[in-house]
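A quick write-up on the structure given underneath.
The values are calculated or read from the model by the stated rules, or taken from the named source; none is laboratory data. Please read these numbers as outputs of a predicted model, since none were measured by experiment. Reconstructed Cβ throughout: ideal geometry from the backbone, glycine too, with neighbour counts over all protein chains shown.
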Amino acid sequence: MSEISFDSNVVITTVISYSKFVVRNIDIKFDEPAKVDVMLIQTNPAQTPLYETIEIPVETYTSWQYDKQQIINYCKTYIQNKYAQSA
């Protein structure tokens, strides 16, 4: 059977909700931004999680002295702000 064109494009939007995230890896090198690999976990865990790499500028993380909670808070705020703009 041949393809039949729509009168206008059909757009399907999927909304995926994430409720948690996990820090998978932190890579800190001298004089370079820290790279934090995170995995976002969906509210409905039947689908594949989303992986992100977040860069933290040198001037931001140097005063933290490897404080785990500050890294977590930075990542949480970054992710929430990034995706809040999409909503």
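Observations on the model:
- Positions within region 1-48 being in contact with a Ser or Thr (Cβ under 6 Å, 6 or more places away or on another chain), surrounded by fewer than 11 Cβ atoms within 10 Å (Cβ to Cβ) and not in a loop (DSSP other than H, G, I, E, B), in sequence order: Ser19
- Scope region 49-63; condition in a loop (DSSP other than H, G, I, E, B) and either surrounded by 14 or more Cβ atoms within 10 Å (Cβ to Cβ) or within 13 Å of the chain's Cα centre (by Cα) (or both); matching residues: Pro49
- Residue within region 64-87 that is of a type in the set (Gly, Ala, Ser), free of Cβ contacts under 8 Å to residues at least 12 places away in the same chain, exposed (fewer than 11 other Cβ atoms within 10 Å of the Cβ) and not in a loop (DSSP other than H, G, I, E, B) present: yes
- Within region 41-87, if we keep just the residues that are closer than 21 Å to Thr13 by Cα and of a type in the set (Val, Ile, Thr), the residue that is modelled with the highest pLDDT turns out to be Ile79.
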